[in-house]
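Trainee: Mind looking over this structure? Questions follow.
Each reported figure results from applying straightforward, stated rules to the coordinates on display, with no laboratory input. What you see is a predicted model, and the numbers here were worked out from it, not measured in a lab. For neighbour counting, all protein chains shown are included, and Cβ atoms are generated from backbone atoms with ideal geometry for every residue, glycine included.
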Amino acid sequence: MSAQPPTNLALMPPLPPANIDECNLTHAGTLSIHLCPDGRQLLVRNVYPPVQDLQPRVLLVVIIFVLCFIVGICGNSSVLTIIRGIVLERKNGVKSGGCGAGGNGHNSVAVRRRHPASDNAILYIAALCCVDFLMSLSLPPAIMVGRVERSCF
C-alpha cells in the first residue's frame, strides 16, 4: 500500500492576512478571540515576558526593604499610640499609674502642670512620625517597581 495524498481537498488561494484592528474582540483573556468582518476568527495568545529568578543581590535588597517597611510601620504605630495616650492623659488631667494600692490595680494622680514647650515637642514628634509613616507606605511599590524593571529589561 502506498500513501496517496487526499483527493478531496481543493486547492484554494490563500486568504490575505487579516488586520487585527478591523476585527472585533469577542473573548478576552490569555487566549483572545477576534472575529473578523470576513467571518474568520483570529486566536491571539497573550504572552508576557518570562520572569527571571531573583538574583542574590536583588533578593537582599528586597529583604532589607521589607524589613524597613515592617519596622517602620510597627515603630511609627507604637509611637503614635504612646503620643495619643499622653495627649488623652493631659486632656483628662489624670495620670494613670501602674499597680497601685487600690484593689483594682488602678492608681490615679492629678496632673498639675502643663508645659507648652513639651506640647510643641509632642506635636513635632507626632508630625515627624506621620511623615515617616507615609514614607514607609511607599516602600512596597518601590520594591515592586525595582523587581519588575530588573526582570523585564
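Trainee: Between Val87 and His27, with labels modelled 7 Å along Cα→Cβ, what's the label distance in nm to one decimal, could you check?
Mentor: For the pair Val87/His27, the computed spacing is 5.7 nm.
Trainee: Taking 0.36 nm per residue of sequence separation and subtracting the Cα-Cα distance, how much length would be gained by fully extending the chain between Ser118 and Leu42, in nm to one decimal?
Mentor: Working: separation 76, 0.36 × 76 = 27.36 nm, distance 7.17 nm.
Gain in length upon complete extension: 20.2 nm.
Trainee: Pop a pseudo-label 7 angstrom from the Cα along the beta-carbon direction at both Leu134 and Leu80 and give the gap in nm to one decimal.
Mentor: Between Leu134 and Leu80, the label points sit 1.2 nm apart.
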